[in-house]
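Input: a single structure, listed below in structure tokens.
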Amino acid sequence: MLFDHRIASDRGAAFVALDPDGAEAILHTPHALADRPVVGDWVAVDGARIIAIAPRRGVLARARGSDRGSTAQPIAANLDVVFVVTAPGREFSPPRVERYLVAIATACARAVVVLNKCDLARDSAALVADLYAVTGLVPVVAISAEYGDGCEALDAYVTAGTTLALVGSSGVGKSTLANRLLGAERFATRATRASDGRGVHTSTRRELVALPAGAWLVDTPGMRAFAPWSDEDALDEVFADVADAARRCRFRDCAHAREPGCAVRDEIAADRYERWRALRAELAYLDRRDDPVALAHEKRRWKSITKAQRNHQR
């Protein structure tokens, strides 16, 4: 089977795909197809129908909000590099960057954190330091996509045959960066909302475009809330300092809660520990969603905890 079309845009019931010559084709998916295509997928085509999806790699996914994470929602597929874009101001959030890094680690893609709009920062070096405090070995690059400052540092990641994605909240300049990488004004851009300094949505759908260097780029809509679809291994990779401290706990089965001799609580900064604990709890909840018996047990447990708390407050 020949997988020679690539999904470039999702338009609900139809998909825009690029054929081997780069021409756009409108395709439809039969109901018999097990999975719905996502941007970045390679597909086999019969006429105007998608008949098969090639095995995926590098799938960036989040937990669905509508059903509290019982299934994964793929954002894009076959990614090699993901630029996590942030910017000075209200959208600057190292904890949100952490969440993206966990999902990217699960996708086995390479992560790069991009501090965009550095020309607007009073102290961009301090913001870079704040980001490095949560990224570990993941590089942080400070740029101004609007003016081109520092953008040459991204050239090493934009190589022929590579598929990149831009993720981040609205207003951090993803579309401006996409235009900079493309060398053309392909994506619409809008200014940050003046009333409260928050970003506004510019991209409304995920879209794949070919870059001059022979790479592919996926631009995604802004996501202020992001629940990663991940596992414990990816969490340990992003929170390597926590995983390292855990090896020094007094008890091998330490839950890192109230046990004596817990190196995690003793050595890790309180705010990072709380973020790690919250993500760990979210991932555990996703696992329980796949097991109705475990979920029912969890509901009973929390009902008992809530009742005890209420009795204590009285």
Per residue, what volume in Å³ does the Cα convex hull of segment 3-50 take up? 66
Can you give me the C-alpha center-to-center distance between segment 160-180 and segment 100-151, rounded to a whole angstrom? 12
For segment 1-99, go through all pairs of different Cα atoms, get the mean of 1/r, take its inverse, and jot down that Kirkwood value in Å. 15.2
Mean Cβ count within 10 Å, highest first, over the residues of peptides 130-143, 94-107: 94-107, 130-143
Antiparallel bridges, percent of DSSP beta bridges restricted to segment 5-53 (to nearest 5): 95
Computed over segment 60-219, the convex hull of the Cα set has an average projected area, in nm², of 9.4
Tell me, what does the Kirkwood hydrodynamic radius of segment 109-172 come to in angstroms if you use every pair of distinct C-alpha atoms? 12.7
Just to verify a number: FRET efficiency for residue 152 and residue 35, C-beta to C-beta distance, R0 = 41 Å, to 0.05? 0.60
By how many nm would the segment from residue 25 to residue 255 lengthen if fully extended, with 0.36 nm per residue of separation less the alpha-carbon distance? 77.5 nm
So, R0 is 25 Å and r is the distance between the beta-carbons of residue 281 and residue 123; what FRET efficiency does that work out to, to 0.05? 0.15
Along Cα→Cβ, 7 Å out, is where each label goes; now give me the distance between the ones at residue 137 and residue 1 in nm to one decimal. 3.7
Residues in segment 155-172, backbone N under 15 Å from the label point at residue 189 (7 Å along the Cα-to-beta-carbon vector): list them, ranges by number please. 171-172
Where both residues lie in segment 79-173, what percent of DSSP beta bridges are antiparallel, nearest 5? 5
Could you tell me how many cubic angstrom of Cα convex hull volume segment 62-145 has per residue? 108
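Laboratory data are not the source of any read-out in this text; all were calculated from the coordinates shown. What you see is a predicted model; the values in this text were computed from it and never measured. No Cβ is skipped: glycine too gets one built from the backbone with ideal geometry, and neighbour counts run over all protein chains shown.
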